[in-house]
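The values are calculated or read from the model by the stated rules, or taken from the named source; none is laboratory data. These figures come from a predicted structure and were not determined experimentally. In this analysis, Cβ positions are derived from the backbone assuming ideal geometry, glycine residues included, and neighbour counts consider all displayed protein chains.
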Amino acid sequence: MPSLYKKPITDLKGFGAKRAELFEKLGVHSVGELLNFYPRAYEDWTSVEKIENLQDGGTYCIKAVLGTPVSDARVRGGMILSKASVYDETGAIRLVWFNNRYISQMLVYGGKYFFFGKITIDNYGAQMVSPTFASVAKGAMIHPIYRTTAGLVSKHISMAVEQSLKLLPETVNDPIPGQFRQKYGLCDLKQALYDIHFPKSREALENARKRLVTEELLVLNLGMRSMKEHSRGVSGVQIITDCSAEFETLLPFKLTNAQKRAIADCIADVTQKRAPMNRLIQGDVGSGKTAVAASVCYTVAKNGFQAAFMAPTEILARQHFETFKKLLANTDIRLALLTGSIKDSEKKRVRAALSEGEIDLVIGTHALITDKTEFYNLGLAVTDEQHRFGVAQRAKLLGKGENPHLMVMSATPIPRTLGLIIFGDLDISVIDELPPSRKPVKTVQRGSADRKKIYQFIKSEIAAGRQAYIVCPLIEEGELDGVVSAEEYAAELMLRDFSDIPVAVVHGKTKPDEKERIMADFAANKYSLLVATTVIEVGVDVPNASVMVIENAERFGLSQLHQLRGRVGRGRFQSYCILISDMRNPLTTERLRVMCSTNDGFKIADEDLKMRGPGDFFGERQHGLPQMAIADFADTKSLELSQKIADDILFTYKDLRNDELRLLKAEIDRLFARGGQNTMN
Ligand code: ADP
Ligand code: MG
């Protein structure tokens, strides 16, 4: 198997450079990777239906004889229409295909085939449109359907896979040692690869799937553990003095009890335990996680160690920097900002000061984890909005010091089993209380026909001194109409509906410093209305904003909508979230209903997991884990099984260096090389 990861697709017969390029688009770079490119669905051809039983609208597999040669006709617009008629012992139907010149060459008059497709019945009788087919001699099967790309259809992919399977050696060395396969009822790898692509039965498919899912999660599990290995049994940076009470006097507000508890947890970790702190601070948007982190940073800095606070976006890092600057203005804490967009000379200065120990607290983006950044004595690493970071990035930040304490902050609750994999033995503090005087955001769903009224409402809020956001989804090139782009939208608003109101626009192509200026100006109330794509999603704090309008709300994941909504309702004003959508399908309706019915982020994450709509938590790699080829993070049973096997393997072999785990180790390296990182900004 390992050698197949080096074998290019072009080694397959009939697959040249052009097709190999298309495979690249699907993320398939070698024959080995092709074997790991599992079908996204299957057509079950094992249950064959008689022609007399076919119903309008149903999808069937029939076994029939080609009763006429295939005739091609050129119709309107140069389209080719291929027609034929087939029969079995109970009746006959017509078959049609569009624009497929090869049909007539592939089907032989009088030959017996399986045809699979959807039936429509009209006045002329039943017909199957664009059926797929295979000769009966091949035997009925469950046919794989692959994810495709323009120019590469599922059939091509399955042909390539068929050839690749033949390249597998007689006995494939299995990454999972035999004793564990037996113990946990897992079939061997070669069998699994055959059956996941071309299963002979439902049962064979299920067995193959179980084996491959379990392996993938096992590999992930072991990989995550070995990454954490380094912090086990070592002692952390020893903090002597608790300065959290002193820090509290710097705050312009009183901490909530939940915030106090979280701070106390952290202080206990860093002052009393021998091992480094490893703590997740989980609290809904607006629950005040920043103050908790700031307090712990303050204590660590006061004890003579450096603290680093990493945020996922430039905007957020800068905003945190401003907040900290104000808080720490009258203290001796030396504060700095390090992000990708600051001037090179400034970056150089900050980096030099960091490595000389002349900075106590640094706030930044992933610029903090590049090789160029060195610390003098990093004692605490904080990652904000943890789900936006890859595990590798978190590890990298930790590697900047000698066993520094770690705090990760997240608004997104994670199911326990998955949390175990991501964080292992992480301790958790939950901030289950919002600061007082917050009024819950009122959320409604509206259609685009209501837009005028909505604008009227925004204007009335602005007249009362408030500010508003309008968020449009990010649009990819060549996407369909009916979706609103931020720039066009804003241009139209400025010209027409809001000509007398200062409007700003932020979108994906806005330059970082420009974005920065606009956000700062918006925070300073120089603009009343901000039109944006989801760049404002994470953490930005403008307490005066009271209206959040989300266009094409159906295009956002629930957790994302919740994050966006969290941008308002941060001050003492009643705030509103208006979800605009014209989609009427049941899933969308249900998702938006959930948003309107609760402000509880935990409930929403739960629903998100259940419904799994577009851009959801698990779908969009919002967890920092490597992308899975077949496993599903919502599949608790498999997660638990893999956990158990991982325990068993480590118990048996002590660690991964044992030669019998050589292949498993290689798989771990491969999975993590695929990347567990989210793109930032
Ligand atoms: P999040 O948990 O989403 O990161 P933030 O830390 O950004 O939330 O806090 C949201 C807002 O609430 C900020 O404006 C912050 O100053 C304010 N805040 C935090 N804690 C309190 C508190 N105990 N009382 C009043 N306001 C608070
Ligand atoms: Mg925050």
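Kindly provide the set of residues from segment 57-71 that are at pLDDT 90 or above and not β-branched (Val, Ile, Thr), ordered by number.
Passing the criteria: TYR60, CYS61, LYS63, ALA64, LEU66, GLY67, PRO69, SER71.
Among the residues of segment 340-370 satisfying the criterion of being out of contact with any Lys or Arg (no Cβ under 7 Å at 6 or more places or on another chain) and of a type in the set (Val, Ile, Thr), which is nearest to LYS400 (Cα to Cα)?
Among those residues, the one meeting the criterion is THR370.
Looking only at residues in segment 148-169 that are at pLDDT below 90 and assigned to a loop (DSSP other than H, G, I, E, B), which one is nearest to ARG40 (Cα to Cα)?
Filtering first and then ranking leaves THR148.
Of the residues that sit in segment 237-252 and are of a type in the set (A, V, I, L, M, F, W, C) and not in a helix (DSSP H, G or I), which one is surrounded by the fewest Cβ atoms within 10 Å (Cβ to Cβ)?
From segment 237-252, those of a type in the set (A, V, I, L, M, F, W, C) are 237, 239-240, 243, 245, 247, 250-251; that's our starting set.
So of that shortlist, the ones also not in a helix (DSSP H, G or I) come out as 237, 239-240, 243, 250-251.
Numbers: VAL237: 21, ILE239: 24, ILE240: 10, CYS243: 18, LEU250: 16, LEU251: 14.
Restricting to residues being of a type in the set (A, V, I, L, M, F, W, C) and not in a helix (DSSP H, G or I), the top hit is ILE240.
Report yes if VAL292 is surrounded by 24 or more Cβ atoms within 10 Å (Cβ to Cβ), in a helix (DSSP H, G or I) and within 12 Å of ligand 1 (Cβ to nearest atom), otherwise no.
yes
Being more than 35 Å from the chain's Cα centre (by Cα) and either closer than 25 Å to ALA631 by Cβ or hydroxyl-bearing (Ser, Thr, Tyr) (or both) is true for just one of THR214, THR249. Which residue is that? Quick ask: steps written out before the conclusion?
Numbers: THR214 fails: more than 35 Å from the chain's Cα centre (by Cα).
Step by step, each of THR214, THR249 is checked, and only THR249 is more than 35 Å from the chain's Cα centre (by Cα) and either closer than 25 Å to ALA631 by Cβ or hydroxyl-bearing (Ser, Thr, Tyr) (or both).
If a residue has to be farther than 27 Å from GLY151 by Cβ, outside any strand (DSSP E or B), in contact with a strand residue (DSSP E or B) (Cβ under 7 Å, 6 or more places away or on another chain) and polar (S, T, N, Q) to count, how many in segment 67-118 make the cut?
1
If I filter segment 554-563 for residues that are within 16 Å of ligand 2 (Cβ to nearest atom) and surrounded by fewer than 20 Cβ atoms within 10 Å (Cβ to Cβ), do I get at least one hit?
The answer is no, given that none of the residues of segment 554-563 is within 16 Å of ligand 2 (Cβ to nearest atom) and surrounded by fewer than 20 Cβ atoms within 10 Å (Cβ to Cβ).
Please work out which one of (1) modelled with pLDDT of 85 or more; (2) in the same structural domain as LEU193 (by TED's automatic domain parsing); (3) not β-branched (Val, Ile, Thr) is the condition ASN678 fails and give its number.
Status for ASN678: all satisfied but (1).
Is one or more of the residues making up segment 257-273 within 16 Å of ligand 2 (Cβ to nearest atom), out of contact with any helix residue (DSSP H, G or I) (no Cβ under 6 Å at 6 or more places or on another chain) and farther than 19 Å from ALA629 by Cβ?
yes
Could you say whether any residue in segment 291-301 is modelled with pLDDT under 95 and closer than 16 Å to LEU361 by Cβ?
First pass over segment 291-301, keeping only residues modelled with pLDDT under 95: none.
Within segment 291-301 (the criterion being modelled with pLDDT under 95 and closer than 16 Å to LEU361 by Cβ), the answer is no, since none of the residues qualifies.
For segment 559-587, which positions are at pLDDT below 85, under 21 Å from CYS472 (Cα atoms) and assigned to a helix (DSSP H, G or I)?
Listed by number, the residues that qualify are SER559, GLN560, GLN563, LEU587.
Looking only at residues that are farther than 12 Å from TYR298 by Cβ and crowded, with 16+ Cβ neighbours inside 10 Å in segment 327-341, which one is modelled with the lowest pLDDT? First the steps, then the outcome.
Quick first cut of segment 327-341, residues farther than 12 Å from TYR298 by Cβ only: 329-330, 334, 336-341.
Next, only the ones that are crowded, with 16+ Cβ neighbours inside 10 Å stay: 336-339, 341.
Details: ALA336: 97, LEU337: 97, LEU338: 97, THR339: 93, SER341: 85.
By that ranking, first place goes to SER341.
Only one residue in THR412, THR443 is modelled with pLDDT of 95 or more and either surrounded by 13 or more Cβ atoms within 10 Å (Cβ to Cβ) or not assigned by TED's automatic domain parsing to the domain that holds CYS577 (or both), so which one is that?
Step by step, each of THR412, THR443 is checked, and only THR443 is modelled with pLDDT of 95 or more and either surrounded by 13 or more Cβ atoms within 10 Å (Cβ to Cβ) or not assigned by TED's automatic domain parsing to the domain that holds CYS577 (or both).
If you go through segment 355-371 one residue at a time, do you hit one that is among the charged types (D, E, K, R), over 28 Å from GLU248 (Cα atoms), loosely packed, with under 15 Cβ neighbours inside 10 Å and touching a helix residue (DSSP H, G or I) at 6+ places or on another chain (Cβ under 7 Å)? Let's see the steps before the verdict.
Applying the first criterion (among the charged types (D, E, K, R)) to segment 355-371 yields 356, 358, 360, 371.
Retained after the next criterion (residues that are over 28 Å from GLU248 (Cα atoms)): 356, 371.
Adding the requirement that they be loosely packed, with under 15 Cβ neighbours inside 10 Å leaves 356, 371.
Still in the list and also touching a helix residue (DSSP H, G or I) at 6+ places or on another chain (Cβ under 7 Å): none.
Scanning segment 355-371, I find no residue that is among the charged types (D, E, K, R), over 28 Å from GLU248 (Cα atoms), loosely packed, with under 15 Cβ neighbours inside 10 Å and touching a helix residue (DSSP H, G or I) at 6+ places or on another chain (Cβ under 7 Å), so the answer is no.
Look through GLU229, GLU248 and report the one residue that is modelled with pLDDT of 95 or more, out of contact with any strand residue (DSSP E or B) (no Cβ under 7 Å at 6 or more places or on another chain), away from ligand 2 (no atom under 16 Å from the Cβ) and not polar (S, T, N, Q). Break it down into steps so the answer makes sense when it comes.
Numbers: GLU229 fails: modelled with pLDDT of 95 or more.
Being modelled with pLDDT of 95 or more, out of contact with any strand residue (DSSP E or B) (no Cβ under 7 Å at 6 or more places or on another chain), away from ligand 2 (no atom under 16 Å from the Cβ) and not polar (S, T, N, Q) holds for just one of GLU229, GLU248, which is GLU248.
Determine if segment 56-70 includes at least one residue that is of a type in the set (Lys, Arg) and farther than 22 Å from ILE119 by Cβ.
No - not one qualifying residue is present in segment 56-70.
When you scan segment 563-586, how many residues do you find that are within 13 Å of VAL471 (Cβ to Cβ) and of a type outside the set (Ser, Thr, Tyr)? Please lay out each step first, then the result.
We begin by selecting, within segment 563-586, every residue within 13 Å of VAL471 (Cβ to Cβ); these are 563-568, 577-581.
Narrowing the set further to residues that are of a type outside the set (Ser, Thr, Tyr) leaves 563-568, 577-580.
The total comes to 10.
Name the residue, out of ILE315, ILE369, that is within 21 Å of SER410 (Cα to Cα), under 24 Å from the mean Cα position of the chain (by Cα) and either of a type in the set (Phe, Trp, Tyr) or modelled with pLDDT of 90 or more (or both).
The match here is ILE369.
Restricting to segment 276-308, count the residues that are of a type in the set (Ser, Thr, Tyr) and within 16 Å of ligand 2 (Cβ to nearest atom).
Restricting attention to segment 276-308, the residues satisfying the condition of being of a type in the set (Ser, Thr, Tyr) are 287, 290, 295, 298-299.
Those left that are additionally within 16 Å of ligand 2 (Cβ to nearest atom): 287, 290, 295.
Summing the residues that are of a type in the set (Ser, Thr, Tyr) and within 16 Å of ligand 2 (Cβ to nearest atom) in segment 276-308 gives 3.
GLY283 passes all but one of (1) surrounded by fewer than 23 Cβ atoms within 10 Å (Cβ to Cβ); (2) within 15 Å of ligand 1 (Cβ to nearest atom); which number fails?
(1)
Among (1) modelled with pLDDT under 95; (2) outside the structural domain of LEU664 (by TED's automatic domain parsing); (3) more than 16 Å from ligand 1 (Cβ to nearest atom), which single condition is ILE267 missing?
For ILE267, the failing item is (1).
Of all residues being in contact with a Pro (Cβ under 8 Å, 6 or more places away or on another chain) and charged (D, E, K, R) in segment 540-571, which is farthest from ligand 1 (Cβ to nearest atom)? Just the residue, please.
Once the filter is applied, the top-ranked residue is GLU554.
Look at segment 4-17 and say how many of its residues are without any contact (Cβ under 8 Å) to a residue 24 or more places away in the chain and assigned to a helix (DSSP H, G or I).
3
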